[in-house]
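The structure appears below as structure tokens.
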Amino acid sequence: MTAEKSAEHKKSPFDKWDYRYMKMAELVGQWSNCIRDERHVGSVAVFDKRVICTAYNGAPVGVKSCRERGSCLRLELGIQSAKSPEICYSVHSEQALVCNAAKQGLSLNGSTVYCTHQPCVICFKLLINSGVKRIIYKAEYPDEMSRLIAKELNFEMLQIGEETEETND
């Protein structure tokens, strides 16, 4: 068998459930009230093939979202992605996920979290301190620090591709 053929037959680290839960995270992300469509982020926490909690990015309860305001403060101020995250009306989906689980008295310990976007370093640290054992994300986010910490911890934070759930059982 050639090296090329061997690479084709290499087992993916993802199974059909990973693809299904990522689709669910994408669906949840559509509920975001962020004015920027490319920043609609969803998260799903799963333990033992059961959904524990879901969340999406958006303004905190009682605070007007940028969609309601008609403009994005970050765009107005020219703030780049992954810079000054505190200058935004929204809560990241991963932060909302931790809060939602806490409000319901649910533990994220030992869970896998599926995110439409790679978590920023702040969200990553919240997730690992909540006991999350694995993070699967689809789109990259320009925050190298979370990747550096994941590498240092030998933490499983993997980017999933466009394959379908039928690709791997």
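The values are calculated or read from the model by the stated rules, or taken from the named source; none is laboratory data. Quick caveat, the model's predicted, so the values are computed rather than measured. Note that we place each Cβ from the backbone using ideal geometry, even for glycine, and neighbour counts take in every protein chain shown. When the accessible area is computed, the model is the full protein with side chains, heavy atoms only, and any ligands, DNA or RNA have been set aside. Shrake-Rupley method; radii C 1.70, N 1.55, O 1.52, S 1.80 Å.
Data for the structure
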| quantity | calculated |
| --- | --- |
| Conditions (1) out of contact with any Pro (no Cβ under 9 Å at 6 or more places or on another chain); (2) touching a residue at least 40 places away in the same chain (Cβ under 8 Å): number failed by Ile87 | (2) |
| Count - residues of the stretch 76-91 that are small (Gly, Ala, Ser) and either in contact with a strand residue (DSSP E or B) (Cβ under 6 Å, 6 or more places away or on another chain) or more than 18 Å from Ala139 (Cβ to Cβ) (or both) | 3 |
| Long-range neighbours under 9 Å by Cβ, at least six apart or interchain, first residue more than 18 Å from Pro13 (Cβ to Cβ) within the stretch 129-156, second of a type in the set (Ser, Thr, Tyr) and modelled with pLDDT of 95 or more | Ser130/Ser107; Ser130/Ser111; Gly131/Ser107; Gly131/Ser111 |
| Top-ranked residue in the stretch 92-117 [being over 19 Å from Lys133 (Cβ atoms) and in contact with a strand residue (DSSP E or B) (Cβ under 8 Å, 6 or more places away or on another chain); ranked as most open to solvent (accessible area, probe 1.4 Å)] | Gln104 |
| Qualifying position, being in contact with a Phe, Trp or Tyr (Cβ under 9 Å, 6 or more places away or on another chain), on the phi > 0 side of the Ramachandran plot and surrounded by 12 or more Cβ atoms within 10 Å (Cβ to Cβ), among Ala45, Ala82, Ala25 | Ala82 |
| Answer residue from the stretch 13-37, given it is closer than 15 Å to Tyr137 by Cβ and of a type in the set (Gly, Ala, Ser) and is nearest to the chain's Cα centre (by Cα) among those | Ala25 |
